[in-house]
Amino acid sequence: MPWWFFRRRSRPAASQTAPAAASGWQLGEVALPRLHGSRRYLQEQPYLLPKDLGEVNRLDFQHYILRAVLRGNYLAPIQQPRRILDVGCGTGQWAFELAQQFPQAQVVGLDLEQVKAATSPPPNYRFVQGDVLKGLPFDSDHFDFVHQRLLWLAIPLQAWPDLVRELARVTAPSGWVELVEFGTGTTDFAPTGPATERYLHLAGQLAALRGLDTEGVIMRSLDRYLRDAGLTRVEYQFFEVPLGQWGGRLGSLLALDFRESSKGLSGAIAAHLQIPEQEVLDLIESAASEFDEFHTRYRLAVAYGSKPPTTH
């Protein structure tokens, strides 16, 4: 089975085709994550994953996996944007690549903190520190393309409608907003074995303590959030990606990403649910082994929409 195998669905049928990747994805572009030692977490935020060097490596690793799945860095039919915003930019890798692809554009990455100081960032890129839950520190109608992905572990479920309205506010008329999210419910991993189901149940209990989505509501609501925020020409695309060696190279890498991100949650699961951490770590390894036995797939969705042009 080829490494890029995946199934793709659309709701509704997409009228635009995905743009070509800015550059080809090579497996050697990023080192595999090596997570060890104590982890650093944010104490006053709902975000569950660590904020440390190990997580920086994993996020860069995950970026290249996502770029392979989507066959590019975005799906929205953007042309020549003048200003681009990446909300929750993480390591900044996505924003760096957009800055290189559109050298005429001003590209801004926003996050709670700058987790990776680039030695030579693109000259048209800048980082802005901010908390999207407190509003974006930008004027209305400013950006031609606003991008946000994989923030379900950072944004409480009830905050999502207002969050997307804030993304729409800073988007310029005729500009685009794109949202990318993995599924979070037990049905978003299918089929699954008992260890996988047990781990997902524990992770869901932890997420629920912070008001995060545990049922995959966000992934299934991306297009609705965009429409409710006043955007039009909304498209929704749904992917099922293989987890494990049975899915070839991509499946193996995604399973590794699942294993390492889950290890980042193991300490919190153990502490809050009063379970020995080693038991949680063993459960993660057992779940990863089940992916090949059950041919597990993981669900991902992308939605994008355009802000209506100003009428006079």
What distance in nm lies between label points placed 7 Å from Cα along the C-beta direction at K134 and T310? 2.9
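Quick one: length gained pulling R224 to Q274 fully straight, 0.36 nm per residue minus the C-alpha distance?
Full-extension gain reported as 14.2 nm.
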Could you list which residues have their amide H under 5 Å from that of V146, counting only those 5 or more apart in sequence or on another chain, with H placed in the peptide plane? L85, W176, V177, E178
Karplus couplings for region 193-205 from phi (6.51 cos²θ - 1.76 cosθ + 1.60, θ = phi - 60°), rounded to Hz, Gly and Pro as x? x, x, 5, 4, 5, 5, 5, 4, 5, 5, 4, x, 4
Per the C-alpha gyration tensor (a ≥ b ≥ c, the square roots of its eigenvalues), region 45-306 is rounded if a/c is under 1.5, else prolate if a/b beats b/c, else oblate; here it's prolate
Residue span S289 to R233: 0.36 nm per residue of separation minus Cα-Cα distance leaves a gain in nm of 16.0 nm
Could you tell me whether region 236-312 comes out rounded, prolate or oblate from its Cα gyration tensor? Rule is a ≥ b ≥ c as square roots of the eigenvalues, rounded for a/c under 1.5, then prolate if a/b exceeds b/c, otherwise oblate. oblate
Could you sort 195-202, 298-305 so that the peptide with the highest average Cβ count within 10 Å comes first and the rest follow in order? 298-305, 195-202
Tell me the label-point distance for the pair L209, Q79, using the 7 Å Cα-to-Cβ offset, in nm and rounded to one decimal. 5.1
In order over region 182-191: 3J(HN,Hα) from phi, Karplus 6.51/-1.76/1.60, θ = phi - 60°, whole Hz, x for each Gly or Pro, gives 7, x, 10, x, 5, 6, 7, 10, 7, x
Using a Förster distance of 41 angstrom, determine the FRET efficiency expected from the C-beta separation of D162 and R71, and round it to 0.05. 0.80
Expected unfolding gain across N124-R249 under the 0.36 nm per residue rule, minus the alpha-carbon gap, is 41.6 nm
Between E197 and D141, what FRET efficiency comes out of the Förster formula 1/(1 + (r/R0)^6) with R0 = 51 Å and r the beta carbon distance, rounded to 0.05? 0.65
Sequence-distant residues sharing a close amide H with L212 (under 5 Å, placed H): L157
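Classify region 201-241: rounded, prolate or oblate, from the alpha-carbon gyration tensor (a ≥ b ≥ c, eigenvalue square roots; a/c under 1.5 rounded; otherwise prolate if a/b is larger than b/c)?
Taking the square roots of the gyration eigenvalues as a ≥ b ≥ c, region 201-241 is oblate.
Laboratory data are not the source of any read-out in this text; all were calculated from the coordinates shown. Treat the numbers as computed from the prediction; the structure is a model and nothing was measured. No Cβ is skipped: glycine too gets one built from the backbone with ideal geometry, and neighbour counts run over all protein chains shown.
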